[in-house]
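Take a look at the structure below.
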Amino acid sequence: MATFRERFPRNRRDVVLAIDAQFRRLRKAIYRGPVREAGHRLFFTELVEATDNFGQITWLGRPIWQNVLDLWTIQETLYELRPALLIETGTNRGGSSFFFAQLFDLMDHGRVITSDVERLHDLHHPRVEYLIGSSTSPEVIGHVRSAVAQADGPVLVILDSDHNARHVTNELELYAPLVTPGSYIIVQDGSIDTLRLFRVGRPGPLPAIRDFLARHPEFDSDRTKEKRFVISHSPEGWLRRRPDTSTDKGVSGSLDSVRDSTAR
Ligand SMILES: C[S@@+](CC[C@H](N)C(=O)[O-])C[C@H]1O[C@@H](n2cnc3c(N)ncnc32)[C@H](O)[C@@H]1O
């Protein structure tokens with residue numbers, strides 16, 4: 001079979017390559033800015049509709065209510081960070097805490113504490129402690145703080161309970177002080193505020209995240225995490241405690257400052 005070189009004399013081949021390069025540049029120019037954003041939104045909407053917003057996803061047969069792309073980014077982060085303790089709010093049917101615990105099994109390291117207002121599963125795992133109660137209740141937060149005080153290594157938090165802005169603000173104020181320097185508090189489902197499909201849930205996590213960041217310079221939003229697989233349920237939601245900040249292991253976190261700042 002004739003090669004590309006043989007089929008096209010040198011000057012003709014150069015013309016073809018030049019046209020091809022122009023087309024690629026043009027495609028890039030068109031697929032930039034608002035067009036690109038619209039493309040992502042269309043795909044994201046289709047993905048949410050096709051998967052019933054990831055409501056039927058399973059991990060080894062157990063229901064897990066997570067965007068699988070985000071879940072992979074979390075998996076990569078857990079491996080890099082090797083948390084001694086992962087705190088999750090919003091257990092639901094237990095799939096996510098079970099998934100994290102099994103990753104920790106493979107890493108031979110790490111524990112999970114997860115809370116929910118009700119028990120919706122019958123799962124057990126030696127690395128997981130299941131708490132029943134609101135994530136912002138004194139009982140739950142007191143228990144979590146004791147676990148943090150005993151944690152011998154990084155602490156990472158995932159907020160996946162009530163996504164209402166006020167509740168997320170309260171959770172951020174209580175749980176962010178527990179995060180160790182260089183680790184994350186991941187605020188999930190900010191997509192409520194960006195995807196039209198979810199607009200009934202507004203105001204969701206995004207205004208709470210922005211308000212929190214404005215008041216807490218010790219955290220910044222690691223945008224590389226949400227862009228890892230182009231679309232994410234956690235826009236602006238990967239809040240990283242700056243490595244050079246100190247933590248008092250969360251004993252001083254209280255809702256008083258939140259009440260002051262949200263009583264508008
Ligand atoms: C999105 S689901 C969590 C999904 C779960 N993390 C997973 O990936 O499979 C949200 C859960 O938060 C719980 N929830 C709602 N309000 C809460 C609160 N104040 N404290 C703790 N959990 C709450 C709900 O009962 C529900 O099960």
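Every number in this text was worked out from the coordinates using simple rules, so none of it is lab data. The model shown is predicted, which means the values in this text are computed figures rather than measured ones. Don't worry about glycine lacking a Cβ; one is built from the backbone with ideal geometry, like all the others, and counts go over all protein chains shown.
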Compactness index (Cα Rg / 2.2 N^0.38 Å), the stretch 4-50: 1.85
With Cα atoms, 0 to 90° folded angle of helix 33-50 axis to the chain main axis: 60
Extension gain (nm, one decimal) between Asp220 and Arg10, 0.36 nm per residue minus Cα-Cα: 70.3 nm
Among Pro34, Pro207, Pro235, residue whose mean-square fluctuation peaks in a GNM of the chain (springs only between Cα atoms under 10 Å): Pro34
Charged-residue dipole, Cβ positions (Lys, Arg, Asp, Glu), the stretch 58-262 about Cα centre, Debye nearest 20: 380
Sequence-distant residues sharing a close amide H with Asn53 (under 5 Å, placed H): none
Bridge type composition, the stretch 58-262 - antiparallel percent by DSSP, nearest 5: 30
Spatial extent of the chain: Rg and Dmax, with the Cα atoms as the point set, Å: 22.3, 79
Estimated distance in nm for a label pair at Gln56 and Asp152, the labels positioned 7 Å out from Cα along Cα-to-Cβ: 4.6
Pairwise label distance in nanometres, Leu47 with Arg196, each label 7 Å out on the Cα-Cβ vector: 1.9
Sum of -39500 (n - 2.57) over DSSP H runs of 4+, divided by residues of the chain (222 nm, nearest 500): -13500 deg cm²/dmol
Candidates Gly94, Gly33, Gly55: whichever shows maximal mean-square fluctuation once the chain is modelled as a Gaussian network with Cα springs under 10 Å: Gly33
